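The values are calculated or read from the model by the stated rules, or taken from the named source; none is laboratory data. All figures in this text were calculated on a predicted structure; none of them were measured in a lab. Positions of Cβ are backbone-derived with ideal geometry, glycine not excepted, and every protein chain shown enters the neighbour counts. Surface areas here come from the heavy atoms of the whole protein model, side chains and all, with no ligands, DNA or RNA. Shrake-Rupley method; radii C 1.70, N 1.55, O 1.52, S 1.80 Å.
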Amino acid sequence: MTESVFFYLLSGLVLSSAWSVVRNENLFHAGLSLILCFVGVAGIYMNLDAPFLGAMQVLIYAGAIAVLLLFGFMLTHDLMKARHERNQHLAGILIPVLMALLLVGTILNAQWHASSGQPVNFGVASLARRYMQQDLVAFEMVALLLLASLMGAVVIARKEEGSRE
Amino acid sequence: MDLVTAYTGQDVALVLIMLLMLALILGFIAGSSLILIWAERKVAARIQNRVGPMMTGPRKFAEFSMWTGGLLQTAADAIKLLVKELIIPSKTDAIPFIAAPVLIVTVCVTAYIVIPFGPAFSVSDLNIGVVHVVAISSLTVLSIVMAGWSSNSKYSLLGGLRSAAQMLSYEIPLIFALLGPILLAGGLSMQKMVLAQREYGCWFLLPSLLGFLIYYVASIAEVNRPPFDIPEAESELVAGYVSEYSGMMFAMFFLAEFANMFLVCSVAATVFLGGWLVPFMPVPDNPTPVYILLGILTFFLKTSFLVFIMMWIRWTFPRVRPDHLMNLGWKYLFPLSLLNLLICAGIAVLKDVYKLNGWGISLASLGALAMVMLLLQVVRIPRPDTFLEKA
Amino acid sequence: MIGLSHYLVLSALLFCLGLYGVLTRKNAIGVLMAVELMFNSVNINLMAFSHYMMDTAGLAFCVFVITVAAAEVTVGVALVLSVYRNRNMIEIDKLAELSG
């Protein structure tokens, strides 16, 4: 009962704030809606018995990624100057609507088999065990990717030699 | 009584109890902030050879009036701010402008729910406790960015930009410093951290001394206090992101600053200084009422000590330059926090293999520290300013 | 009662909203925001399957996706800043020299 109430509340929050992210003419407000959307998705994870993932969602998405995007927006815009041009009107509406119809139709028509397995614990310990055993290579690759992106970001965003004031 | 069970379970009453608890925390935050602000002014006054506020409050006994005399000063200030007019400048972006101070207090209250004030004495002992505190308080930067941008003033904007860069950078060493004790405790719950320190027989301060120092420095930067207060540097940016705020909205930012300071210090006290464990006293398995009271007292003493040091630092050191701040965070604290993680992992293994007791662990950690100092002597890390000239 | 398909429909709708944003936004930061929406919809999908199929694989994948998204945004914002410094604008439809 509580699960469904929370599900509908959170879905309403997520979808309406996502609508605001893509439609809002003020990009700063779009960024704030993005954060609201991330927090809503974190709530969805809580509803799915994964509190750790919810906390990670808040920490990384809402606390870092969205703030980084807002930071980029603030650096690249003149104060309070909103731009609201759009392009590809027809394709932009047609493709997502068709895709939504296709996906929702498929999902509602498909037969989903519920698993007969034992309920698993989505705690941190089981996640950690998984990373240190079966997914070890992928885990190391992600670490490498993070290092590469860190260095890449520094190299790309750095000013040219000698242009430092 | 767990937030997640309250959330997914069927009991609505549980949710109501949680709301009541949140109201209690809000009251606690407001009360403790009043005392902390008074303490800050008194400490500042002592350091600057003044007496500080001494008129508003009980002055019956002449010998104590210097200390008790200013006790009600903060309350008087709060009442003054409450009755002041709320000014929303006409060119601001009204919704984020109003939402920012509300958000910063909300975030603070939410982060408080896992703090263990005593044995079995926390609002909700989530099993993701430490991550919860870090995740929720990472939303503080959002409020500052909102305030900075929506004020439509160049000083506010500069403050917001600086704080976004600073808080994102310092979150990384902060979390990595906490990883060492998490590894030792083998769990994320705050009560479990305290109990693990009982089991180890020594505070986690010793195995991860480096981590404690990194956490403390990073948390000063995280709550934007001097010497890392460049987002609100008053000599450069008026008041940074709070420049355009007045009345109660300003008071909420002020309240959140002190509540956040208490929060980071109480996390440090729990994770590194043994939380409510009373030193030199065996811990009963089922805590007696006396022990619970002593535990709460110990917790507050440890936290207040850390808060006092933060105030001491504030009134002693000059402000750090923004580029030096970034250098310190990324080139020193971050690698050192990785080193700390390595030391903690080693000590956890040693404890498991050789069944060390508290003294053994202390000795091992001192040995590890000595090795680190030796290593730093050999490697010779250049100072920040030489780094800059080469760049 | 909430089942797997509820979460899947939510995720599909979120994905399509993100797609709409990617196609119609002109500002590069706006496009990055819409891409994040799509990442999130994928995560909801993975976590829903993980929960209903009783397997931690989806959870593990979610954490990977979050990590990759963080890396992607770091480089993306760095690129946007670099473009802004050279061209003084970040409208992506005007950055079309290489399209021939």
Every listed condition ((1) open to solvent by 30 Å² or more (accessible area, probe 1.4 Å); (2) at pLDDT below 85) holds for B:Val83 save (2)
Q: Looking only at region B:253-274, decide whether some residue is modelled with pLDDT under 80, open to solvent by 10 Å² or more (accessible area, probe 1.4 Å) and either more than 19 Å from B:Leu34 (Cβ to Cβ) or out of contact with any His (no Cβ under 8 Å at 6 or more places or on another chain) (or both).
A: no
Counting only helices (runs of 4 or more DSSP H) entirely within chain C, those with at least 3 residues that are touching a residue at least 60 places away in the same chain (Cβ under 8 Å) and not charged (D, E, K, R) are C:28-53
When B:Pro116 is run through (1) more than 15 Å from the chain's Cα centre (by Cα); (2) farther than 21 Å from A:Tyr61 by Cα; (3) open to solvent by less than 50 Å² (accessible area, probe 1.4 Å), the failure sits at (1)
Only one of C:Tyr84, C:Tyr52 is at negative phi and surrounded by 18 or more Cβ atoms within 10 Å (Cβ to Cβ), namely C:Tyr52
Reported set for region A:1-34 where residues are acidic (Asp, Glu) and either in contact with a helix residue (DSSP H, G or I) (Cβ under 8 Å, 6 or more places away or on another chain) or modelled with pLDDT of 90 or more (or both) is A:Glu3
Expected single match for within 22 Å of B:Asp125 (Cα to Cα) and out of contact with any Ser or Thr (no Cβ under 9 Å at 6 or more places or on another chain) among B:Ala177, B:Ala185, B:Ala164 is B:Ala185
- Task: Assess whether A:Ala62 counts as being surrounded by 15 or more Cβ atoms within 10 Å (Cβ to Cβ), within 25 Å of A:Val14 (Cα to Cα) and modelled with pLDDT under 90.
- Result: yes
Going through (1) open to solvent by less than 20 Å² (accessible area, probe 1.4 Å); (2) under 28 Å from B:Gln166 (Cβ atoms) one by one, A:Ala18 fails only at (2)
Subset of region B:297-314, residues closer than 10 Å to B:Val278 by Cβ and crowded, with 16+ Cβ neighbours inside 10 Å, comes to B:Thr298, B:Phe299
Residues of region C:22-42 being under 10 Å from the mean Cα position of the chain (by Cα) and within 7 Å of chain A (Cβ to nearest Cβ), in sequence order, are C:Leu32, C:Met33, C:Ala34, C:Glu36, C:Leu37, C:Asn40
Among residues of region A:1-15 being open to solvent by 50 Å² or more (accessible area, probe 1.4 Å) and under 24 Å from C:Leu19 (Cβ atoms), the residue farthest from the other protein chains (Cβ to nearest Cβ) is A:Leu13
Over region B:90-100, the set of residues open to solvent by less than 80 Å² (accessible area, probe 1.4 Å) and either closer than 17 Å to B:Ala251 by Cα or at the interface with another protein chain (Cβ under 9 Å from one of its Cβ atoms) (or both) is B:Asp93, B:Pro96, B:Phe97, B:Ile98, B:Ala99, B:Ala100
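In region B:34-50, how many residues are more than 18 Å from B:Ala76 (Cα to Cα) and open to solvent by less than 100 Å² (accessible area, probe 1.4 Å)? Lay out the reasoning, then the answer.
Within region B:34-50, the subset more than 18 Å from B:Ala76 (Cα to Cα) is B:43-50.
Now restrict to residues that are open to solvent by less than 100 Å² (accessible area, probe 1.4 Å): B:43-45, B:47-48.
Number satisfying all stated conditions: 5.
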Looking at this structure, is A:Leu75 of a type outside the set (D, E, K, R), within 23 Å of C:Lys94 (Cα to Cα), assigned to a helix (DSSP H, G or I) and within 12 Å of chain B (Cβ to nearest Cβ)? yes
- Selection status of A:Leu70, surrounded by 21 or more Cβ atoms within 10 Å (Cβ to Cβ) and facing chain B (nearest Cβ under 8 Å): yes
_C:Leu14 modelled with pLDDT of 90 or more, buried (at least 21 other Cβ atoms within 10 Å of the Cβ), under 27 Å from A:Thr2 (Cβ atoms) and not small (Gly, Ala, Ser)_ = yes
**Prompt:** Would region A:39-47 turn up any residue that is open to solvent by 30 Å² or more (accessible area, probe 1.4 Å), at pLDDT 85 or above and part of a helix (DSSP H, G or I)?
**Reply:** yes
Considering only helices (runs of 4 or more DSSP H) wholly within region B:326-391, the ones with at least 2 residues that are modelled with pLDDT of 80 or more, more than 21 Å from B:Leu178 (Cα to Cα) and open to solvent by 50 Å² or more (accessible area, probe 1.4 Å) are B:334-354, B:358-379
- [ ] Determine whether region B:162-172 contains at least one residue that is open to solvent by less than 10 Å² (accessible area, probe 1.4 Å) and farther than 26 Å from A:Leu53 by Cβ.
- [x] yes
It is to be established whether one or more residues within region B:227-237 are in contact with a Pro (Cβ under 9 Å, 6 or more places away or on another chain), of a type in the set (Gly, Ala, Ser), in a helix (DSSP H, G or I) and open to solvent by 10 Å² or more (accessible area, probe 1.4 Å). no
The residue that is farthest from the chain's Cα centre (by Cα), considering only those in region B:192-219 that are open to solvent by 10 Å² or more (accessible area, probe 1.4 Å) and more than 21 Å from B:Ile361 (Cα to Cα), is B:Val217
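Looking at region B:153-161, can you tell me whether even one residue there is under 19 Å from the mean Cα position of the chain (by Cα) and crowded, with 24+ Cβ neighbours inside 10 Å?
no
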